[in-house]
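The values are calculated or read from the model by the stated rules, or taken from the named source; none is laboratory data. This one's a predicted model, so the numbers in the text were calculated from it and none came from an experiment. Note that we place each Cβ from the backbone using ideal geometry, even for glycine, and neighbour counts take in every protein chain shown. Side chains are part of the model used for accessible areas, which takes the heavy atoms of the whole protein and leaves out ligands, DNA and RNA. Shrake-Rupley method; radii C 1.70, N 1.55, O 1.52, S 1.80 Å.
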Amino acid sequence: MIALSGLRKAFNPGRPNEFWALDGIDLVIEAGKITAFRGPSGSGKTTLLTLVGCLARPTAGRVTFKGEVVSSLPERFLTDLRRRSFGFVFQQFHLVRGLSALQNVMLPAAPTGRPRREVRDRAVGLLEQLRMGARREERVEFLSAGEQQRVAIARALVNDPEVLIADEPTANLDSVLSRQFVGLLEELNAGGRTVIFSSHDPLVVESGAVHRVVGLRDGRLEP
Amino acid sequence: MSPRPAPRALLALGALALLAGLTFLDAARIRRSRRAEQAATARFAAQAGLTDLALFNEARYTRHPTQADRHSAFQDHPQAFDHFPTGSLLPPRSHARRD
Amino acid sequence: MRAGIERQLALLDFTVASLARRKARNLGLLAVFALLVFLLASVTLFTRALRQEAAAVLAGTPEVILQRMVAGRHELVPPGYRERLGRIRGVQKVEGRLWGYYFDPVIRANYTFMVTDPAPRDGTIAIGPALARLRGLAEGGTLAFRSYAGELRAFRVAAVLPQPTELASADLVLVSEKDFRAFFAYPEGCFTDLAFSVANPQEARTVAAKLVRDLPDARAILREDSLRAYASLFDWREGLVLAMLAGALLAFGILAWDKASGLSAEERREIGILKAIGWETGDILRMKAWEGVLLCLTAFLLGYVAAYAHVFHGGAGLLEPVLKGWAVLYPRFALTPVLDGLDLLTLLLLTCVPYTAAVLVPTWRAATTDPDSVMRS
């Protein structure tokens, strides 16, 4: 589904503090599977996720999504693609404070022009599915970490993307919540969704739910 | 869930705009109702040969600004608010001030 | 089309929810903003209406007034002058005017004595409404003045000038010519100045120029100069108020700049989040534009409507002191509203454009950052 070839990514290219976060990645990610990127911090997991999810462009190499080269698309198309095809769950959740859980979940749909009723029904449905239905009017800063994450997941899914991308999803969760998260992943994947996430938490990476673990070290794939 | 905020905000804005629009109607109404008065005042002023409004009657040199000399618009009052900066440099004579 | 509207509404939803989060701050901003518009609009509406009123009332002012100067000061017009003036081509209907000032120590006010045609009968006067009000006089009352010869002279009030004319007549004392000359010990045959009209009004300026050449000790004041004097006088007073407002404007500018350009870390973070969850730069700018429109337009409309009510229904109470100065016989007058679309547009632009720009530029800069920055924070 997603193919990466010769992927390299530099920060501050051409300057004294130039840093190659990724240095030659060739990888194919299959549709409908759960893929985990594993590696110590600084190994390039997050950078790889941003490239896979079209949040950033590679310095060199190509990203192909469903047979189409997307790494060279102009920003407008990239945003559109990102909105339709990818849902993101960030390590810090990155919810918009001051708004309710429901308002947060509805946010990604705002620029799509979908009818509000439809978006609202979908958001409420997702929150209920994630057992957050009762808390949906609560402002997000009053939610626990686990609840915030579930709101973040609901938000990632509101536009019904094919791929869910999560960066260190369990870094802010205790082991009980982490296990719950794995359960959630399985549920989502059972619905046919592709899931890609990064983690260095063995509890998650080594759980039976994950179909494929990709090791990263110093910007390269581990053999 | 609370009702949608956007239409309410637009509605409030629309109501304000309507109110602003009403000021134009109100202005037209006042204009109509004052037309006769204004004409009467103008007739009186023309008949009496008035050159100025009675707005600035605090002193005789401000009463008829249009009739004042070009070079001494508000002529020689000790506390005159001058066109020229001299007035701010030279204080009025002490005997001319009255508190 | 429908999706477009739905999208704008969704963005507006977020904007309103977002504004509601910092209710006190945004309401405060709105209040300051509206107050500023209110003050500016009050001044604009008031001065424009007053200018229009002056133009309307003084439209029939004498076409040309001739003053005689002696050593740079206004002097009486001597006998014979009028006849000399009458001989100049194009000069018509020369009339000698008699008017002057009288300081009334009782209420410490200056009256304008004037001889009009028709004049009250000898021994009687017609007085302006403000004067009548302040001295508590009505028709049939008696008013005494100390004449320039020293003795007290009593006049019977034959009429109080109608209130609607108060803007022009507040402090007038109309007397007969005989009384005027006797009271002020005015030399017989002399006049305060001469008023005349010109056969062809288009040539008023030419005639006036010719006249000053023939009568070198004279000064001519044209009607258009008088009217212009009023236009610029109010400009000047308006400028005074604006100068006082400059401080407020500046404070507002700082406020807006601070609010806008100093995009807080929180706002920057939010923009990053929106970007990462699929909002385009344009969506974020549209959202911020809505914010600007909501705040500016609400403040503008509130301020304008309040200013209108203040000036035309509340007697411009806040501006009166500026205009009134130390005047004792300040006229009571109602203004006729003159609403000028261009004025309002200027005001709208003056308040909204800087604010919106101050919001949009930094937002645009923040919004054009790569969406992946949020992942790396």
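Mind checking which residues of region A:168-220 are part of a strand (DSSP E or B) and either among the small types (Gly, Ala, Ser) or buried (at least 18 other Cβ atoms within 10 Å of the Cβ) (or both)? Before you say what the answer is, go through the steps one by one.
Of all residues in region A:168-220, those part of a strand (DSSP E or B) come to A:194-199, A:212-217, A:220.
Those that are part of a strand (DSSP E or B) and either among the small types (Gly, Ala, Ser) or buried (at least 18 other Cβ atoms within 10 Å of the Cβ) (or both): A:194, A:195, A:196, A:197, A:198, A:199, A:214, A:215, A:216.
Looking at residue C:131 and the list (1) on the phi > 0 side of the Ramachandran plot; (2) under 27 Å from the mean Cα position of the chain (by Cα), which single condition is not satisfied?
(1)
Restricting to region A:56-96, and then to whatever is open to solvent by less than 60 Å² (accessible area, probe 1.4 Å) and small (Gly, Ala, Ser), can you tell me which residue is nearest to the other protein chains (Cβ to nearest Cβ)?
The selected residue is A:56.
Of the conditions (1) more than 10 Å from every other protein chain (Cβ to nearest Cβ); (2) surrounded by fewer than 17 Cβ atoms within 10 Å (Cβ to Cβ), residue C:22 satisfies every one except a single condition; which number is it?
For residue C:22, the exception is condition (1).
Quick check, is residue C:345 away from chain B (no Cβ under 14 Å), more than 26 Å from residue A:90 (Cβ to Cβ), free of Cβ contacts under 8 Å to residues at least 24 places away in the same chain and surrounded by fewer than 18 Cβ atoms within 10 Å (Cβ to Cβ)?
On the way: away from chain B (no Cβ under 14 Å): no; more than 26 Å from residue A:90 (Cβ to Cβ): yes; free of Cβ contacts under 8 Å to residues at least 24 places away in the same chain: yes; surrounded by fewer than 18 Cβ atoms within 10 Å (Cβ to Cβ): yes.
When the stated conditions are applied, residue C:345 does not pass them.
Identify, by number, the condition in (1) out of contact with any strand residue (DSSP E or B) (no Cβ under 8 Å at 6 or more places or on another chain); (2) more than 12 Å from chain C (Cβ to nearest Cβ); (3) part of a helix (DSSP H, G or I) that residue A:120 doesn't meet.
Evaluating residue A:120 over (1) out of contact with any strand residue (DSSP E or B) (no Cβ under 8 Å at 6 or more places or on another chain); (2) more than 12 Å from chain C (Cβ to nearest Cβ); (3) part of a helix (DSSP H, G or I) leaves (2) as the failure.
Given the criterion open to solvent by 30 Å² or more (accessible area, probe 1.4 Å) and within 30 Å of residue A:74 (Cα to Cα), identify the matching residue among C:338, C:361, C:322, C:353.
Details: C:338 fails: within 30 Å of residue A:74 (Cα to Cα); C:322 fails: within 30 Å of residue A:74 (Cα to Cα); C:353 fails: within 30 Å of residue A:74 (Cα to Cα).
Result: C:361 is the single residue among C:338, C:361, C:322, C:353 that is open to solvent by 30 Å² or more (accessible area, probe 1.4 Å) and within 30 Å of residue A:74 (Cα to Cα).
Just for helices (runs of 4 or more DSSP H) wholly inside region C:152-240: which have at least 3 residues that are away from chain B (no Cβ under 14 Å) and either surrounded by 14 or more Cβ atoms within 10 Å (Cβ to Cβ) or not acidic (Asp, Glu) (or both)? Reasoning before the result, please.
Values: elements: C:166-169, C:177-184, C:204-214.
So the answer is C:177-184, C:204-214.
Which residue pairs have Cβ atoms closer than 7 Å, lie 6 or more positions apart in sequence or on different chains, and pair a first residue in region C:103-129 that is closer than 19 Å to residue C:141 by Cβ and assigned to a loop (DSSP other than H, G, I, E, B) with a second residue that is of a type in the set (Val, Ile, Thr) and open to solvent by 10 Å² or more (accessible area, probe 1.4 Å)?
Between residues of region C:103-129 that are closer than 19 Å to residue C:141 by Cβ and assigned to a loop (DSSP other than H, G, I, E, B) and residues that are of a type in the set (Val, Ile, Thr) and open to solvent by 10 Å² or more (accessible area, probe 1.4 Å), the close pairs are C:107/C:328.
Just the residues that are of a type in the set (A, V, I, L, M, F, W, C) and touching a Gly at 6+ places or on another chain (Cβ under 8 Å), please, taken from region C:141-159.
So in region C:141-159, the residues of a type in the set (A, V, I, L, M, F, W, C) come out as C:143-145, C:149, C:152, C:154-155, C:157-159.
Passing the criteria: C:155, C:157.
Quick one: which of A:16, A:40 is open to solvent by 40 Å² or more (accessible area, probe 1.4 Å), closer than 25 Å to residue A:171 by Cα and of a type outside the set (Lys, Arg)? Give the derivation first.
Numbers: A:16 fails: closer than 25 Å to residue A:171 by Cα.
Exactly one of A:16, A:40 is open to solvent by 40 Å² or more (accessible area, probe 1.4 Å), closer than 25 Å to residue A:171 by Cα and of a type outside the set (Lys, Arg), namely A:40.
For residue A:129, are the conditions met, namely being buried (at least 23 other Cβ atoms within 10 Å of the Cβ) and more than 14 Å from chain C (Cβ to nearest Cβ)? Walk me through it before giving the result.
Details: buried (at least 23 other Cβ atoms within 10 Å of the Cβ): no; more than 14 Å from chain C (Cβ to nearest Cβ): yes.
Criteria not met by residue A:129.
Pull out all pairs, ordered by first then second residue, where Cβ-Cβ is under 7 Å, the residues are six or more apart or on different chains, the first lies in region B:5-27 and is within 8 Å of another protein chain (Cβ to nearest Cβ), and the second is of a type in the set (D, E, K, R) and part of a helix (DSSP H, G or I).
Once the first residue is within 8 Å of another protein chain (Cβ to nearest Cβ) and sits in region B:5-27, its partners that are of a type in the set (D, E, K, R) and part of a helix (DSSP H, G or I) give B:5/C:13; B:6/C:13.
Any idea which residue in region C:139-151 is farthest from residue C:170 (Cα to Cα), counting only those that are in contact with a helix residue (DSSP H, G or I) (Cβ under 7 Å, 6 or more places away or on another chain) and part of a loop (DSSP other than H, G, I, E, B)?
Looking at residues that are in contact with a helix residue (DSSP H, G or I) (Cβ under 7 Å, 6 or more places away or on another chain) and part of a loop (DSSP other than H, G, I, E, B), I get C:148.
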